[in-house]
Amino acid sequence: MLIHKIRKSVSWNMISQFNHLFISPIYEKGSTFHSPQNFSSLNIRCFRSSHNPNVSVPESTTQTPISPAVNKISRVARTDAQSALFDYLHCTRGFNYMDAEHISKNSPHFLQSLLSKVDNDQDVARALTRFFRYHPINEFEPFLESLGLKQSELTSMLPRNLIFMSDDHVLLDNYHALCDYGIPRTKIGKIYREATEVFGYEYGILGMKLRAYEKLGLSRSTVIKLVTCSPTLLLGEMNSELFQVLEKLKILGFENDWIGGYLSNRHSYDWGRMLNTLRFLNDVGYSDEKMATLFKMNPAFLFEGSGKRIYVLVGQLLKLGFKMNDVYSLFCQNPNILSLKCAKNLWKALYFLLEIGLETEIIANIVSTHIQLLASHSLKGPMTVLRVFKGDKCRLCQTIKDDPLNLFRLASKSKFNVDQMTSQSPGKLFEKTSFLLRLGYLENSDEIAKALKQFRGRGDQLQERFDCLVNAGLDCNVVINMIKQAPTTLNQSKSVIEKKIDLLKTYLGYPVESIVSFPSYLCYHVDRVHLRFSMYAWLKQKGAAKPTLSVSTLLACSDARFVKYFVDVHPEGPAMWESLKSSLQSS
């Protein structure tokens, strides 16, 4: 009876304290919910007495520091906490099943804060169930966290004077509208952060806005990408700048959904800047045909940075004295120069040359002849290089004028042979590119740019090595896959490839197909292959080794491991091993 009276008194005091919060339920998103009293000293097993007049609104769990011990919470305890939170939201508070499940499984920081209130020896599920019974939580905290918002953002985004989601049915309606349209729940946080007003729309308006973009000819998947990348598209009237960009792309020959393949949720897009970029290219002399070719070759020109890099870089090149046709040729011949890394390297190089006082005509000449080197390699700062010249800028400039490659010899951060890299004529580079295109590499992609650095030799030499593998009995498509797995395979000469295939057949009796799953075999040194295969063949004759071990087992292990498992396993093994090494060295 006494316990019943205490509980009744606690409940009545809590309700009386809450009443002043809901007399005028003003909903202002983006403001902080302030709790008059902190419960941080409260243990979940011991609740405040009904005689305490300071009982107040439940604390915001984001305000409670999380103990380092929380990180050591077991997976079982975390699962029990998720189940308890799910039961509270679904069974007690009436959330639908999908909402309750998503929130309980995607609010780890909120769960940590709850678990920090539970003693290590307590039954987590039972303790949290009791806690929820007497301490209503601020439901907006786990909800907003489950949308993908960072912990540091939550405090400023909690609605003021509200703790129950059911008190803001408008927000829930718009949240469900986004979910029903197909927008991933964890992506909705970006929309809440950048376009909070969306969650205050009257019923039906948000769905109408989403469908309006479909009427432009966009598929639902493209609309989803658009609004998650650029949430502000859902604010106000339809975004006229996006509409104009789509119309311009239509004129260039692109379908509306073309943009969907190049949007990333990790980025935001400025459609106004993108539109200005398209106009700028027209203004400086790009025809629609040239612009279409440019974007087909490398869509990153338009989408990375919303066209900012192309806008700024073209302007800089024009300042250096380039004609528009020259700029167009540079972009078409070197489509990778506007990637994030290449653009950064190019800008640093231009800054370097301008900082040391090199004439613009000389800079323009270096850019036109060595733009790939400028874009693909990071340079040291000018002050670092000037130390070698004791601060004499004139002498440094003269050194670069004498031979522009001195710029890379002196300032390049990476160690590589500049002379070897530049020894290939444009014709040879074209041959190598043509060979890679035949292998299935995409033209002007990052993949082919990387491959051009990995493959050594002329295009005709690479083709000869490729044909050598095909003539050995491998299917053409199989060889292509092998090369993509281990590009340095084709860096071996034809004679070396033939010798390694012969060793495989002679010493092991294996078919050439046995290296399909281990193409790196062709990259190992011939001496290593010869020595280990000879030892393994001898062991098989002695009956001391399994007859069909894989090639990778024999070659990929270290020398110490090979000796342990393939030399010391036989009493005569060490002597035979030394004999094989001696005969190999003398040959």
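Across the accessible surface of region 161-204, with the other protein chains kept in place and a 1.4 Å probe, carbon and sulfur atoms take up 49 percent. Pull up the cross-link candidates among the aspartates and glutamates for K105, meaning alpha carbon to alpha carbon under 17 Å and not fewer than 8 places away within one chain. Within the straight-line limit of under 17 Å, K105 reaches these aspartates and glutamates: D80, D87, E139, E141, E145. Selection among H525, I515, V563 by position relative to the dipole of region 509-563 gives V563 as farthest towards the positive end (Cβ unit charges, Cα centre). Lysine pairs in region 164-317 whose alpha-carbon atoms fall under 24 angstrom of each other, counting only those eight or more residues apart or on distinct chains, come to 24. Based on a Kirkwood Rh over C-alpha pairs, give the Stokes-Einstein translational diffusion coefficient of region 182-275 at 20 °C and viscosity 1.002 mPa s in µm²/s. For the chosen part, D equals 157 µm²/s.
Around A292, under 13 Å between beta carbons, what's the net of Lys plus Arg minus Asp minus Glu among the other residues? Numbers along the way, then the final one.
Working: positive: K248, K250, K290, K296; negative: E255, D288, E289.
Overall, the nearby charge balance is +1.
Over all other residues within a Cβ to Cβ distance under 13 Å of A177, the charged ones net out to 0, with Lys and Arg as +1 and Asp and Glu as -1. Computed from point charges on the beta carbon alone (+1 for Lys and Arg, -1 for Asp and Glu), the dipole magnitude for region 488-568 about its Cα centre is near 140 Debye.
Ranking H267, L234, G200 by Cα position along the charge dipole of region 158-271, where only Lys, Arg, Asp and Glu carry charges on their C-beta atoms, puts H267 farthest toward the positive end. Let's test the formula: R0 of 22 Å, r as the Cβ-Cβ distance of S493 and S412. What FRET efficiency results, to the nearest 0.05? Calculated transfer efficiency: 0.15.
Residue separation of E101 and A292 scaled by 0.36 nm, minus their Cα-Cα distance, works out to 64.1 nm of gained length.
The charge dipole of region 144-192, taken about the Cα centre with unit charges on the Cβ atoms of Lys, Arg (+1) and Asp, Glu (-1), comes to about 240 debye, rounded to the nearest 20.
Going highest first, how would you order 552-563, 218-229, 477-488 by mean Cβ packing within 10 Å? Please list the in-between numbers first.
On the way: 552-563: 14.2, 218-229: 19.2, 477-488: 16.7.
Result, highest mean Cβ count within 10 Å first: 218-229, 477-488, 552-563.
Within the accessible area of region 211-307, the carbon and sulfur atoms contribute 47%, probe 1.4 Å, all protein chains present.
Give me the accessible area per residue for region 167-232, probe 1.4 Å, as a whole number in Å². Working shown, then result.
On the way: 2870 Å² over 66 residues.
That works out to 44 Å² per residue.
Please report, in debye to the nearest 20, how large the charge dipole of region 451-505 is about its Cα centre when each Lys and Arg carries +1 at its beta carbon and each Asp and Glu carries -1 there.
Details: 9 positive and 6 negative charges, 54 e Å.
Charge dipole of region 451-505: 260 debye, to the nearest 20.
Computed with the Debye formula from one identical point scatterer per Cα of region 430-587, without solvent, the log10 of I(q)/I(0) at q = 0.12, 0.20 Å⁻¹ comes to -0.58, -1.20. Taking θ as phi - 60° and the Karplus parameters 6.51, -1.76 and 1.60, the scalar couplings of region 201-212 work out to 5, 5, 4, x, 5, 5, x, 5, 5, 5, 5, 4 Hz in sequence order, x denoting glycine and proline. Put simply, the amide H of S412, placed in the peptide plane, has neighbours under 5 Å in K380, leaving out anything fewer than 5 places away on its chain.
Averaging over all projection directions, find the projected area of the Cα convex hull of region 219-314 and quote it in nm² with one decimal place. Before the final figure, lay out the partial values.
On the way: hull surface 23.3 nm².
Averaged projected hull area, Cα only: 5.8 nm².
The values are calculated or read from the model by the stated rules, or taken from the named source; none is laboratory data. Keep in mind that this is a model prediction, so the values were computed, not measured. When we count neighbours, we look across all protein chains shown, and the Cβ atoms used for this are built from the backbone with ideal geometry, even at glycine. Calculation scope for accessible area: heavy atoms of the full protein, side chains included, ligands and nucleic acids excluded. Shrake-Rupley method; radii C 1.70, N 1.55, O 1.52, S 1.80 Å.
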